[in-house]
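One structure below.
The values are calculated or read from the model by the stated rules, or taken from the named source; none is laboratory data. Not measured: the values here are computed from a predicted model. Cβ placement follows ideal geometry from the backbone for every residue including glycine, while neighbour counts extend to all protein chains displayed.
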Amino acid sequence: MNSGLEGVVAAETRLSMVDGERGELVIGGFRVEELASWHFEDVVQLLWGEDVGRASARLVGLKPDLRLPMDALRAGVAQLEGDDARAILWTCPAIVAAHWRARRGLEPVAPREDLGFAANYLWMLNGVEPHAEVVRGLETYLNTVVDHGLNASTFTARVIASTGSDLVSAVTGAIGALKGPLHGGAPGPALDTVFEIGDAARAEEVLRRKIESGERLMGFGHRVYKVRDPRADVLAAAAERMFTRAGDMHLYELARAVERTALRLLEEYKPGRRLQTNVEFYTALLLHGIGLDTDLFTPTFAISRVAGWIAHCLEQRQVGRLIRPQSVYVGPRPA
């Protein structure tokens, strides 16, 4: 029995391929490095095989007492009706932005027809037209995380779709799976470590203390990748470009110094474990540079991944078979 279904093949897909040994991620036939400069809408069209339109968000009512953006996103999507993939995609950033503003006593900002997906998200959050380099940085991030094999939330979406249920139900379930800290991750702590260190000269002292006390270094190591996560390289390049043209280079240079020290110490303390930089490290740096609060990191991940979830649901519908694995009973048996 494979605990957690590790190594079990549950689906065939044309959407993405993850090679953990080679450190390769292919999305729709293109290496993730090639997709970095695309517009997000074009990446979605690659996955869906159809034009995704523009700014067709639907308004939903949000409960003001929902504290976390992921709770608001899950509740907001669940209110949608029908099976309109484009409406779901465009409504997700509108939900996150409206909730974020409502928690601060601000009125929601309507999306604009003349702005693309990434720019509209930033516009709806801040009510200010974003800098072109900031938009490009966000688009690179969205493209990088749009799909990643049969991960927990994608599997959840495919299982729901396999029952014949609608896209709204599948995406709502996937959001619930992504919300879990073992999947959606917590990229914020990776940046917290950088801020805690503050000065590159303190990196070795702080990181040694963390490792020797048994603390995990956030932003390093991955269940699938046994070499460097290719998404980390894409986001590192995006962060360098954005911070150079529209950000704080001191923070970027500090993060790079922390990364170099962490990799050296991890090899020293845990030789052969191949604990390399993962996507969380540069996600935190890039999204912080874009101006997003830590609480928005996972919802921003979600508004990209929803495109991948929908693509998998559409693919599963073509298969037309219920996903129904077996379990092994280990409880007491009647006499």
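Inside segment 246-281, can you point out the residues that are within 20 Å of ARG216 (Cα to Cα) and at pLDDT below 90? Working first, answer last.
Here is the first cut: in segment 246-281, the ones within 20 Å of ARG216 (Cα to Cα) are 254-281.
Selection gives GLY272, ARG273, ARG274, LEU275, GLN276, THR277, ASN278, VAL279, GLU280, PHE281.
Looking only at segment 231-260, which residues are among the hydroxyl-bearing types (Ser, Thr, Tyr) and either assigned by TED's automatic domain parsing to the domain that holds TRP38 or surrounded by fewer than 17 Cβ atoms within 10 Å (Cβ to Cβ) (or both)?
From segment 231-260, those among the hydroxyl-bearing types (Ser, Thr, Tyr) are 244, 252; that's our starting set.
The one that is among the hydroxyl-bearing types (Ser, Thr, Tyr) and either assigned by TED's automatic domain parsing to the domain that holds TRP38 or surrounded by fewer than 17 Cβ atoms within 10 Å (Cβ to Cβ) (or both): THR244.
State the number of residues belonging to segment 261-290 that are surrounded by 18 or more Cβ atoms within 10 Å (Cβ to Cβ) and over 18 Å from ASP233 (Cβ atoms).
Narrowing segment 261-290 to residues surrounded by 18 or more Cβ atoms within 10 Å (Cβ to Cβ): 261-262, 265-266, 275-290.
Imposing the further condition that a residue be over 18 Å from ASP233 (Cβ atoms) reduces the set to 261, 265, 288, 290.
Qualifying residue count for the region: 4.
Find the residue count for segment 237-272, including only residues that are within 24 Å of the chain's Cα centre (by Cα) and not in a helix (DSSP H, G or I).
Number satisfying all stated conditions: 2.
Just give me the residues in segment 273-292 being within 15 Å of the chain's Cα centre (by Cα) and either outside any helix (DSSP H, G or I) or among the basic types (Lys, Arg) (or both), in sequence order.
Of everything in segment 273-292, those that are within 15 Å of the chain's Cα centre (by Cα) and either outside any helix (DSSP H, G or I) or among the basic types (Lys, Arg) (or both) turn out to be ASN278, LEU292.
Only one of these is over 30 Å from PRO325 (Cα atoms), in a helix (DSSP H, G or I), of a type outside the set (Asp, Glu) and modelled with pLDDT of 95 or more: ARG136, ARG101. Name it.
Exactly one of ARG136, ARG101 is over 30 Å from PRO325 (Cα atoms), in a helix (DSSP H, G or I), of a type outside the set (Asp, Glu) and modelled with pLDDT of 95 or more, namely ARG136.
Filter segment 188-214 for residues that are buried (at least 19 other Cβ atoms within 10 Å of the Cβ) and of a type in the set (Gly, Ala, Ser); which is modelled with the lowest pLDDT?
Filtering segment 188-214 for residues buried (at least 19 other Cβ atoms within 10 Å of the Cβ) gives 188, 190-191, 193-194, 197, 203, 207.
Now restrict to residues that are of a type in the set (Gly, Ala, Ser): 188, 190, 203.
Values: GLY188: 76, ALA190: 83, ALA203: 95.
Restricting to residues being buried (at least 19 other Cβ atoms within 10 Å of the Cβ) and of a type in the set (Gly, Ala, Ser), the top hit is GLY188.
Of all residues in segment 265-291, which are more than 18 Å from TYR225 (Cα to Cα) and without any contact (Cβ under 8 Å) to a residue 60 or more places away in the chain? Walk me through how you get there before you give the answer.
From segment 265-291, those more than 18 Å from TYR225 (Cα to Cα) are 265, 268-269, 284-291; that's our starting set.
Passing the criteria: GLU268, TYR269.
Looking at the structure I just gave you, is ARG216 in a helix (DSSP H, G or I) and not assigned by TED's automatic domain parsing to the domain that holds ARG136?
Spelling it out, it is not the case that ARG216 is in a helix (DSSP H, G or I) and not assigned by TED's automatic domain parsing to the domain that holds ARG136.
Is it the case that some residue within segment 138-154 is aliphatic (A, V, I, L, M) and over 16 Å from the mean Cα position of the chain (by Cα)?
The answer is no, given that none of the residues of segment 138-154 is aliphatic (A, V, I, L, M) and over 16 Å from the mean Cα position of the chain (by Cα).
Give GLY28, GLY23 a once-over and let me know the one that is of a type outside the set (Ser, Thr, Tyr), over 17 Å from the mean Cα position of the chain (by Cα) and modelled with pLDDT under 95.
GLY23 is the lone residue from the list that is of a type outside the set (Ser, Thr, Tyr), over 17 Å from the mean Cα position of the chain (by Cα) and modelled with pLDDT under 95.
Of LEU35, LEU66, LEU62, which residue is modelled with pLDDT of 85 or more and in the same structural domain as LEU167 (by TED's automatic domain parsing)?
LEU35
From VAL146, VAL227, VAL171, grab the single residue that is in a loop (DSSP other than H, G, I, E, B) and in the same structural domain as ALA36 (by TED's automatic domain parsing).
It is VAL146.
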